[in-house]
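Everything below concerns the one structure shown next.
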Amino acid sequence: MRRFLISCALLLFAALAASPAEADPVDDILAGFASSKYDEIEKAIAALAASGDASAPAILDALNEGALQVASDKQLYIKGDDGSPKAARSGADLTGEMPPGLKPVKVNNRVRRAIEAAMGQLTLLSPDPAKRLNAAASLFHAPDPAQLPAVEAAIAKETDPAVKRAFEAARAAVVLAAPDAAEADKIAAVELIAARGDEDAKSLLDAAAANGAPAVAAAANAALKGIEQTLALWSAAQNVYYGLSLGSVLLLAAIGLAITFGVMGVINMAHGEMVMLGAYTTYVVQQAVMAMAPGLSDLALLIAVPTAFLVSGAAGIAIERSIIRFLYGRPLETLLATFGLSLVLQQAMRSIFGPTNLQVDNPSWMSGSMQLGGLAITYNRFWIILFSVAIFALLTLVLRKTALGLQMRAVTQNRRMAASMGIRTGWVDSLTFGLGSGVAGIAGVALSQIDNVSPNLGQGHIIDSFMVVVFGGVGNLWGTLVGALSLGVANKLLEPMAGAVLGKIVVLVLLVLFIQRRPRGLFPVKGRAVES
């Protein structure tokens, strides 16, 4: 008996030793790709995606591109760019003879749809949170009821709160799109989607309101009313932001005009061309930096700011010394002379740079945008607003704390008294005109980031600049600030309702009515000469 038991144990041990090792389940899945039936290949795709194996994305990509091959022994290979096959699962290069009977795995439209769904499932389970977030967003925009089990599995495994919220929103979108989902689940999905309050949520709820069951449609319609109110508020906030951006540009363009008009009483129709000179200077500086030091291309805009100020300021001093000073006290002749000068400067730029628009590239730190609720904050406009505030503050300090600023204010209030006190009014006029033109050149730097550079660039802002100066009060910086921001916001709030052209007409009419009541603007400058 003892000898019999020992013999049985030895036979059992030999059988176990001779039995093959347990097969890898992923290898069994990959064998399904060797089938000649599309249904079997679809099942293999779904099983491979469900396995979460690290080789799955590369294999599915290769299958989608027609580069997945199967040998006669049912082993899979991926055809490389050079035509040589690599092991599909390990990615190792083959050594020795080519595998026998290599042929591409069969693919049709159904298989491609299965690949797309599988890739989405794999992305949902990606170790990278950014990829999972993008996958959830994609599924929310294009909900696929077949992905519901994958989304629920992803929610169960998710640990990142932000990604989990995105997955829950995507699941709600999928449930709302599923024809066989329970009515209570769809109503709950409506509430979850409505909490987003954005345009994507509105699109999904519009479809549910049109095609859903009565209870679901009623819930969707109720949610849509709240979303529409929220979107209206965000739209108004977006227009205010665009208005502040427009007002910032108008501030830079008008503040120099306010100084020259206030100190000298000169109507300078060539002020817009000082803006244009600043924009062309920015273009030239950027091209020079990219040609000589490409690594400093992000700093080209910072280099262009003082350069544009000097170029436009020097042009302004030259204009004052050669033309304006001979026409003081003759406003009509000054207006005609500066208008003719503006045409000359425009034609000069056409002759030098050509009539076509030129583009100034945004530096990397001014490119892109960020989302603040339903508000899209573009970095270029955001930096322009900050830049305008900084220039305004600097100019205020110059006028309040420097000898030149004191003399400019004295000439503004009473030119003859200032001259009798020994102030060289002619010298103050030249520097004032140069300062105003230099600030206009800085406005051109800002404009080049949101508009194309062209010979007509300044003409589009000269009228608005005069409106700002008249509305705020001639020669008053704070009036120019309030006037620029007010007109900018008013224009952008009226555009959606009345259109761009009609909106400007409405603003102009309102401004005319305002000037009839307050001819000297919001913040009139006080002084004997001004009063007279």
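The values are calculated or read from the model by the stated rules, or taken from the named source; none is laboratory data. All values derive from a computational prediction rather than experimental measurement. Note: ideal-geometry Cβ built from the backbone for every residue, glycine included; neighbour counts use all protein chains shown. For the accessible areas, the whole protein counts, side chains as well, though only heavy atoms, and no ligand, DNA or RNA atoms are used. Shrake-Rupley method; radii C 1.70, N 1.55, O 1.52, S 1.80 Å.
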Per-residue accessible area, 1.4 Å probe, largest first, puts His271, His461, His141 in the order His141, His461, His271
By accessible area (1.4 Å), largest first, Arg112, Arg171 order as Arg112, Arg171
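What net charge do the residues around Arg325 carry, taking every other residue with its C-beta under 14 Å from that of Arg325, with Lys and Arg at +1 and Asp and Glu at -1?
+1
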CD proxy, 222 nm, the chain: helix-only mean residue ellipticity via -39,500 (n - 2.57) per DSSP H run with n ≥ 4, per residue, nearest 500, stands at -23000 deg cm²/dmol
Among segment 126-148, those whose backbone N falls under 17 Å of a label point 7 Å along Cα→Cβ from Asp160 are 126-140
Quick calc: nm separation of the 7 Å Cα→Cβ label points for Leu493 and Arg424 -> 4.8 nm
Here the residues of segment 93-112 lying in the modelled label zone of Ala58, meaning backbone nitrogen under 12 Å from a point 7 Å along Cα-to-Cβ, are 93-94
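So how do 382-391, 484-493 stack up, highest first, on mean other-Cβ count within 10 Å?
484-493, 382-391
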Computed from the beta carbon distance with a Förster radius of 51 Å, FRET efficiency for Ala232 and Lys43 to the nearest 0.05 stands at 0.55
From most to least accessible, 1.4 Å probe, no ligand or DNA/RNA atoms counted, Thr338, Thr230 line up as Thr230, Thr338
Computed over all unlike Cα pairs, the Kirkwood hydrodynamic radius of segment 283-361 in Å stands at 14.9 Å
FRET efficiency for Phe514 and Glu333 from the Cβ-Cβ distance with R0 = 25 Å, rounded to 0.05, comes out at 0.30
For Trp478, the accessible surface traced by a 1.4 Å probe with all protein chains present amounts, in square angstrom to the nearest 10, to 140 Å²
One finds the C-alpha centres of segment 151-206 and segment 307-371 to be spaced, in Å, by 55 Å
Among segment 68-105, those whose backbone N falls under 20 Å of a label point 7 Å along Cα→Cβ from Asp128 are 91
Subtracting the Cα-Cα distance of Asp82 and Ala318 from 0.36 nm times their residue separation yields 78.3 nm
The answer for trypsin sites (Lys or Arg not before Pro) in segment 393-444 that fall in a DSSP coil and have at most 16 neighbouring Cβ atoms within 10 Å is Arg424
With every protein chain in place, the accessible area of Ser430 for a 1.4 Å probe, in Å² rounded to the nearest 10, comes to 10 Å²
Taking a ≥ b ≥ c as the square roots of the Cα gyration tensor eigenvalues, with a/c under 1.5 meaning rounded and otherwise prolate when a/b beats b/c or oblate if not, segment 422-532 comes out oblate
With all protein chains in place and a 1.4 Å probe, Tyr283 shows an accessible area in Å² (nearest 10) of 50 Å²
Relative contact order in percent for segment 292-437 (Cα pairs under 8 Å, 6+ apart) equals 33 percent
The pairs in Lys74/Lys106; Lys86/Lys157; Lys164/Lys202 lying past 24 Å Cα-Cα in this model are Lys86/Lys157
Taking only the alpha carbons of segment 88-158, the radius of gyration and the largest Cα-Cα distance, Dmax, both in angstrom, are 16.7, 49
Per residue, the convex hull enclosing the alpha carbons of the chain has a volume in Å³ of 265 Å³
One quarter of the C-alpha convex hull surface, i.e. the mean projected area of segment 310-414 in nm², amounts to 11.2 nm²
Between the modelled labels at Met417 and Leu404 (7 Å from Cα along Cα→Cβ) the distance in nm is 2.5 nm
Computed on Cα atoms, the radius of gyration and Dmax of segment 367-470 in angstrom are 18.1, 60
Here FRET efficiency (C-beta to C-beta, Gln371 to Ala210, R₀ 22 Å, nearest 0.05) is 0.20
